Amino acid sequence: MHNDTSISSRLDPARIPSHVAIIMDGNGRWAKARGLDRSQGHQQGVETVHTITEAAITLGVKYLTLYAFSTENWNRPDAEVAALMSLILSSMEESLFMKNNVRLLIIGDTSRLPDGVREAVLRLVERTAGNTGLTEIIALSYSSKWELTEAARAIARDAAAGRLDPDALTEDDIECRLATAGLPHPELLIRTGGELRLSNYLLWQCAYSELYFCDTYWPDFGREDFCRAILDYQQRERRFGKTSEQVADGALGIAL
């Protein structure tokens, strides 16, 4: 196993993914394995968010999308949901975003959030709007099925009003109605915690993302692990439906 320094040194600075999405899984299991309350696992997970955000900035990642709370998470015990909402509120420290020149965006059904949480996160989105470094997108009360349903509703309303011809509908017409409109798609999707599924996360956006799964619980996922995921990404060939030969010819500037 390589140490952090050697992994970082093996990365190609010219091939750092512009957009990395992460499913931060394993907080509860991390806590349970240590005889702790699940909320303590989520608290430790916030520290990992800070660590990985700083690592992304250092490496030159431009967009980092984190799955903080899914629409399905509303079905968890009330006490855990309340603890998570409180943690989200306390973790939104404006000084950290401003110090690191990070712009915050929120995607998800914010109407379901407690008033205090919703007001705080939207206020922070507004205050960081002028920051020009990393854009950190927090998926909060989010799921792809919710997002695609909302897009379908918007399309249906526009079609009914005569603003959109259903027969002329394009992928761009869907894209511009997603919560992530205007953002590039993730090149790399990381999931921690050992589960091998997408859990209703960025299904449209990750249609051609490289997927990286690891067994490490999110609270233990450090800079070294993040670099290892990016190194794995850099060793892959991204074909987008083409053959290896077409990709190679394209890289050489040969017309196909």
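What follows is calculated from the coordinates using simple rules that are stated; it is not laboratory data. Everything numeric in this text was worked out from a predicted model, so none of it was measured. Ideal geometry is used to build each Cβ from the backbone, glycine not excepted, and the neighbour counts take in all protein chains shown.
Any idea which residue in the range 34-53 is farthest from MET92 (Cα to Cα), counting only those that are touching a residue at least 60 places away in the same chain (Cβ under 8 Å) and not polar (S, T, N, Q)?
Once the filter is applied, the top-ranked residue is GLY41.
What residue, of ASP115, ASP158, ASP78, is over 26 Å from VAL46 (Cα atoms), over 19 Å from the mean Cα position of the chain (by Cα) and not small (Gly, Ala, Ser)?
Of the residues listed, the single one that is over 26 Å from VAL46 (Cα atoms), over 19 Å from the mean Cα position of the chain (by Cα) and not small (Gly, Ala, Ser) is ASP158.
For the range 163-179, what are the residues that are β-branched (Val, Ile, Thr) and surrounded by fewer than 10 Cβ atoms within 10 Å (Cβ to Cβ)?
The one that is β-branched (Val, Ile, Thr) and surrounded by fewer than 10 Cβ atoms within 10 Å (Cβ to Cβ): THR170.
Where in the range 1-82 are the helices (runs of 4 or more DSSP H), entirely inside, with at least 1 residues that are of a type outside the set (A, V, I, L, M, F, W, C), out of contact with any Ser or Thr (no Cβ under 9 Å at 6 or more places or on another chain) and under 27 Å from GLN234 (Cβ atoms)?
4-10, 38-59
Could you list, in sequence order, the residues of the range 150-187 that are assigned to a helix (DSSP H, G or I) and either closer than 12 Å to TRP204 by Cα or acidic (Asp, Glu) (or both)?
Result: GLU150, ALA151, ASP158, ASP167, GLU171, ASP172, ASP173, ILE174, GLU175.
Out of curiosity, is ARG15 surrounded by 13 or more Cβ atoms within 10 Å (Cβ to Cβ) and in contact with a helix residue (DSSP H, G or I) (Cβ under 9 Å, 6 or more places away or on another chain)?
Here the answer is no, as ARG15 does not meet what is asked.
Output the qualifying pairs, or none if there are none: Cβ atoms under 7 angstrom, residues six or more apart or on different chains, first residue in the range 104-121 and outside any loop (DSSP other than H, G, I, E, B), second residue among the charged types (D, E, K, R).
LEU104/GLU136; THR110/ARG118
Provide a single number: the residues in the range 49-84 that are surrounded by fewer than 17 Cβ atoms within 10 Å (Cβ to Cβ) and farther than 30 Å from ILE230 by Cβ.
Here the count works out to 9.
Going residue by residue through the range 209-224, is there one that turns out to be aliphatic (A, V, I, L, M) and part of a loop (DSSP other than H, G, I, E, B)?
no
Does the range 129-139 contain at least one residue that is touching a residue at least 60 places away in the same chain (Cβ under 8 Å), under 20 Å from VAL46 (Cβ atoms) and among the acidic types (Asp, Glu)?
yes
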